[in-house]
Amino acid sequence: MRIVKFIQTVNRYLFVLGAVPLFIAAILTVIDVSGRYIRHPLPGTLEISTLCLALSVALTLAHTQALKGNTDVDVLFNYLPSKAKKVTSVFTYFLCVIMVGLMAWRAWPWVAFCHRCQEWVDIVGWPLWPFKAAMLLGLFCLFLQFILDFVESLRELAGKPSLFQRPTEKKLDIE
């Protein structure tokens, strides 16, 4: 399945790329806080940090879902029989595909409108549409990942083997 491998690779690269705005936000915050002690804070830090954090979240959602790294509450789920767990997973992933698909579908006109109206970040003077477009890209990749998870849960319900190898998190051995 080349398409599955392609989606996983794109999600992984976006995950790594999502660390860059997080690093930028951290550096800007340190510079801003340090500058306050000498009465020269960095103007626009709040706006830039907000955009960076939103960008970081949007770019890392899909790979986090692929790793099953999102938080889930499974108070009742653990007590269900195996077949009921599989049916619940199919239903949950179906709802996720629908909801995230609708969000991505509605985000496209939102990005186009922002580009057409030339919406800007006031203090720093940056156009806002590239950040919204990155959020749309993140939603679309999350949508594709939920489709993969939905198909995988259907195959698991039917008792068929997995189509793909789920990515694993690399752990650091610190001793």
Among the residues of the range 119-135, is any in a helix (DSSP H, G or I), farther than 22 Å from PRO21 by Cα and in contact (Cβ under 8 Å) with a residue 24 or more places away in the chain? no
Mind checking whether some residue in the range 145-158 is modelled with pLDDT of 90 or more and closer than 18 Å to SER56 by Cα? yes
When restricted to ALA84, ALA58, ALA26, ALA107, the only residue among the small types (Gly, Ala, Ser), touching a Lys or Arg at 6+ places or on another chain (Cβ under 8 Å) and at pLDDT 90 or above is ALA107
- Assess whether THR60 counts as being among the hydroxyl-bearing types (Ser, Thr, Tyr), under 26 Å from GLU156 (Cβ atoms) and out of contact with any His (no Cβ under 8 Å at 6 or more places or on another chain). yes
Taking the range 92-107 and keeping only residues that are loosely packed, with under 14 Cβ neighbours inside 10 Å and of a type outside the set (Val, Ile, Thr), one is left with LEU95, MET99, LEU102, TRP105, ARG106
In the range 1-30, anything in a helix (DSSP H, G or I) and either over 27 Å from the mean Cα position of the chain (by Cα) or in contact (Cβ under 8 Å) with a residue 60 or more places away in the chain (or both) is listed as VAL4, LYS5, ILE7, GLN8, VAL10, ASN11, ARG12, LEU14
Among VAL57, VAL33, the single one that is surrounded by 12 or more Cβ atoms within 10 Å (Cβ to Cβ), part of a helix (DSSP H, G or I), without any contact (Cβ under 8 Å) to a residue 12 or more places away in the chain and aliphatic (A, V, I, L, M) is VAL33
Selection from the range 36-53 of residues in a helix (DSSP H, G or I) and farther than 18 Å from GLY125 by Cβ yields ARG36, TYR37, LEU53
Output for Cβ contacts, cut-off 9 Å, separation at least six or different chains, first residue more than 22 Å from ALA133 (Cβ to Cβ) and in contact (Cβ under 8 Å) with a residue 12 or more places away in the chain in the range 93-108, second assigned to a helix (DSSP H, G or I) and among the small types (Gly, Ala, Ser), reads TYR93/SER153; PHE94/SER153
If we scan the range 116-125, do we find a residue that is within 22 Å of VAL4 (Cβ to Cβ) and of a type outside the set (Gly, Ala, Ser)?
no
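The values are calculated or read from the model by the stated rules, or taken from the named source; none is laboratory data. None of these values were measured; they are calculated from a predicted model. Positions of Cβ are generated from backbone atoms using ideal geometry, with glycine treated the same way; all protein chains shown enter the neighbour counts.
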